[in-house]
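A.B. asks: Let me give you the structure first, and then I'll get to my questions.
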């Protein structure tokens, strides 16, 4: 690949590097949120089981910050 190009089609490595850095950080934050959701659901299932109940439906969570729903 030729790297990032501006809207006129010229190479713009500085902007490309900045955009790449931001995208990398966003992917890292998303992985951390996904790990937190997985841990939370596991804990909820354990609590449900310990109290003598069984989960029979899906757990749907909504992130208050991003608004993203996890199913």
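Computed from the coordinates by the stated procedures, all read-outs in this text should not be read as laboratory data. Source: prediction; values computed, not measured. Cβ coordinates were reconstructed from backbone atoms using ideal geometry, including for glycine residues, and neighbour counts include every protein chain displayed.
A.B. asks: Yes or no: the range 52-65 includes at least one residue that is in a helix (DSSP H, G or I) and loosely packed, with under 10 Cβ neighbours inside 10 Å.
C.D. replies: Applying the first criterion (in a helix (DSSP H, G or I)) to the range 52-65 yields none.
Checked against the condition, which is being in a helix (DSSP H, G or I) and loosely packed, with under 10 Cβ neighbours inside 10 Å, the range 52-65 yields no hits at all.
A.B. asks: When the range 29-51 is examined, which residues are found to be farther than 17 Å from residue 70 by Cβ and either in contact with a strand residue (DSSP E or B) (Cβ under 7 Å, 6 or more places away or on another chain) or part of a loop (DSSP other than H, G, I, E, B) (or both)?
C.D. replies: 51
A.B. asks: Sticking with this one: Being out of contact with any strand residue (DSSP E or B) (no Cβ under 8 Å at 6 or more places or on another chain) and surrounded by 10 or more Cβ atoms within 10 Å (Cβ to Cβ) is the filter; apply it to the range 1-15 and report the residue that is nearest to residue 63 (Cα to Cα).
C.D. replies: Filtering the range 1-15 for residues that are out of contact with any strand residue (DSSP E or B) (no Cβ under 8 Å at 6 or more places or on another chain) and surrounded by 10 or more Cβ atoms within 10 Å (Cβ to Cβ), the one nearest to residue 63 (Cα to Cα) comes out as 15.
A.B. asks: Test each condition in (1) part of a helix (DSSP H, G or I); (2) more than 26 Å from the chain's Cα centre (by Cα) for residue 26 and report the one that comes out false.
C.D. replies: (2)
A.B. asks: So which residues in the range 29-46 are loosely packed, with under 11 Cβ neighbours inside 10 Å and more than 17 Å from the chain's Cα centre (by Cα)?
C.D. replies: Passing the criteria: 42, 43, 46.
A.B. asks: Six or more apart or on different chains, Cβ under 8 Å: which pairs go from a residue in the range 48-65 that's closer than 23 Å to residue 32 by Cβ to one that's part of a strand (DSSP E or B)? Could you list them?
C.D. replies: 60/69; 60/70; 61/69; 61/70; 62/69; 62/70; 63/69; 63/70
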